[in-house]
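The values are calculated or read from the model by the stated rules, or taken from the named source; none is laboratory data. Here the structure is a predicted model, which means the values were calculated and not measured. Note that we place each Cβ from the backbone using ideal geometry, even for glycine, and neighbour counts take in every protein chain shown. Heads up: the accessible areas ignore ligands, DNA and RNA and are worked out on the full protein's heavy atoms, side chains in. Shrake-Rupley method; radii C 1.70, N 1.55, O 1.52, S 1.80 Å.
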Amino acid sequence: MQLHVIGADAHAISYLIDSGTTRVLVDCGVPPATMRARLSDYGLDPFSIDAIVLTHEHEGHSQGLESHPFRDAVPIIASHHTLAFLRMDRKIPRVRWCPAAPEIPFSIGDFHFEGIPVAHDGVDPFAWLIEERATKRVLGITGDLGQVSRLVTERFLKAEIVLLHANHDDALLPIDATSDPSSDAGSRERAKNRHGHLSNEQSAALVAQLALRGSLRSVYLSHLDPRWNTPHRAVGTIEATLTAIDRNSIPVRCLRNGETHR
């Protein structure tokens, strides 16, 4: 399994999961021109994408579907309500809408997928567990969520690799956003909402559970908001937690656009 990082910015998310014969995008939040350029950098034709799996409908995760560069009738897979919203709200041509039910696995070529409901301010967002059939390796992608439920924790115990959207650091958010006169006040309030985004501290707590009770071997971080997080803070918070529980051999890193991980 290869993970190609098409987009890992705060407002443009897209990951390509590649077995060599099956290629699936998880989220499509970069513009079509950027998608073409990044796929070209990997030596890949957009028509080679077998399917697109969405965590939710927000623009930073789906804007690239409009005027997309993929083949006709490319499958778009997400929760029923996410797809219904996109069909009403956007002009997305030449796709095949394929609703997924929560916690019911399905296959796309070499990969098995399982969608897990999460707490976020989308219409019906999912985290995803992705298992490569040949190797039995499991990747867990949280997507955006504001709190980690017991369901997410229990399902992610079988993931060897987790990709967390560690959005912010609690120390960089004001206790009372209404006291902040800047235009970022509302965004900060949303970030720390229980249906907003994970903090470094919440991400570290999930990682600790997975390291102690599960199959965790590696941690990737993405979706950091540069206004109130840094790679140093995000990685440092999780590494400190892993050291405290004697699991400091588990590597932690922030993803960057254009990278490939095997």
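Restricting to region 100-251, compute how many DSSP beta bridges are antiparallel as a %, nearest 5. All intermediate terms of the calculation are to be shown ahead of the outcome.
Details: 15 of 25 bridges.
Taking every DSSP beta bridge with both residues in region 100-251, the antiparallel ones total about 60 percent.
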Q: Identify the GluC sites (Glu not before Pro) of region 43-106 meeting these criteria: DSSP loop state and at most 10 other C-beta atoms within 10 Å of the C-beta.
A: none
Q: Consider just the alpha-carbon atoms of region 161-262 and return their Rg together with their Dmax, both in angstrom.
A: 14.4, 45
Q. Counting Lys and Arg as +1 and Asp and Glu as -1, what is the net charge of the other residues whose Cβ lies under 15 Å from the Cβ of ARG23?
A. -2
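Highest mean first, how do 129-139, 6-16 rank when packing is the count of other Cβ atoms within 10 Å averaged over residues?
6-16, 129-139
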Q: Show which lysines lie in cross-link reach of LYS136 when reach means a straight Cα distance below 24 angstrom and same-chain residues fewer than eight apart are skipped.
A: LYS158
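May I ask you to compute the full-extension gain from LYS91 to THR153, defined as 0.36 nm times their residue separation minus their alpha-carbon distance, rounded to one decimal in nm? The partial results should precede the final answer.
Values: separation 62, 0.36 × 62 = 22.32 nm, distance 3.57 nm.
Length difference between fully extended and current span is 18.7 nm.
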Q: Can you tell me which of 108-119, 161-172 comes out highest on packing, and rank the rest after it, using the mean Cβ neighbours within 10 Å?
A: 161-172, 108-119
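Semi-axes of the equivalent ellipsoid of region 91-190: what are they in whole Å, largest first, if each equals the square root of 5 times a C-alpha gyration tensor eigenvalue?
Working: eigenvalues 204, 67, 26 Å².
The answer is 32, 18, 11 Å, longest axis first.
Could you give the size of the charge dipole of the chain about its Cα centre, using +1 on the Cβ of each K and R and -1 on the Cβ of each D and E, expressed in debye and rounded to the nearest 20? Provide the component values of the computation, followed by the final result.
Details: 27 positive and 32 negative charges, 107 e Å.
Dipole about the Cα centre, nearest 20: 520 debye.
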Q. What ranking do 35-46, 217-228 get when scored by the average of other Cβ atoms within 10 Å per residue, highest first?
A. 217-228, 35-46
Q. Considering only the other residues whose Cβ falls under 15 Å of the Cβ of ASP45, what net charge follows from Lys and Arg at +1 and Asp and Glu at -1?
A. 0
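Divide, for region 68-143, the radius of gyration over alpha carbons by 2.2 N^0.38 Å, where N is the residue count.
Values: Rg = 13.3 Å, N = 76, 2.2 N^0.38 = 11.4 Å.
Normalised Rg, Cα atoms only: 1.17.
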Q. Could you state the principal axis extents of the C-alpha atoms in region 1-86, from the largest down, to the nearest angstrom?
A. 33, 25, 24
Q: Can you check what the net charge comes to around CYS254, using other residues whose Cβ is under 15 Å from the Cβ of CYS254 (Lys, Arg +1; Asp, Glu -1)?
A: -2
Q | Sulfur and carbon atoms: percent of accessible area, the chain [1.4 Å] | A | 50
Q. Could you state the number of Å between the C-alpha centres of region 108-173 and region 203-222?
A. 11
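Contour minus end-to-end for SER107 and SER249, with contour as 0.36 nm per residue of separation and end-to-end as the Cα-Cα distance?
Working: separation 142, 0.36 × 142 = 51.12 nm, distance 3.23 nm.
Between SER107 and SER249, full extension yields 47.9 nm more.
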Q: Report the antiparallel proportion of the DSSP beta bridges in the chain as a percent, rounded to a multiple of 5.
A: 55
Q.
Can you compute log10 of I(q)/I(0) for region 38-79 with the Debye formula, treating each Cα as one identical point scatterer, at q = 0.24, 0.29, 0.34 Å⁻¹?
A. -0.94, -1.15, -1.22
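Using alpha carbon coordinates only, what is the Rg to Rh ratio of the chain, with Rh defined as the Kirkwood radius?
Details: Rg = 17.5 Å, Rh = 18.4 Å.
With Rh from the inverse mean 1/r over Cα pairs, Rg/Rh is 0.95.
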Q: Taking the dipole about the Cα centre of region 62-126, with the C-beta of Lys and Arg at +1 and of Asp and Glu at -1, give me whichever of ALA84, ALA73, GLY109 is farthest to the positive side.
A: ALA73
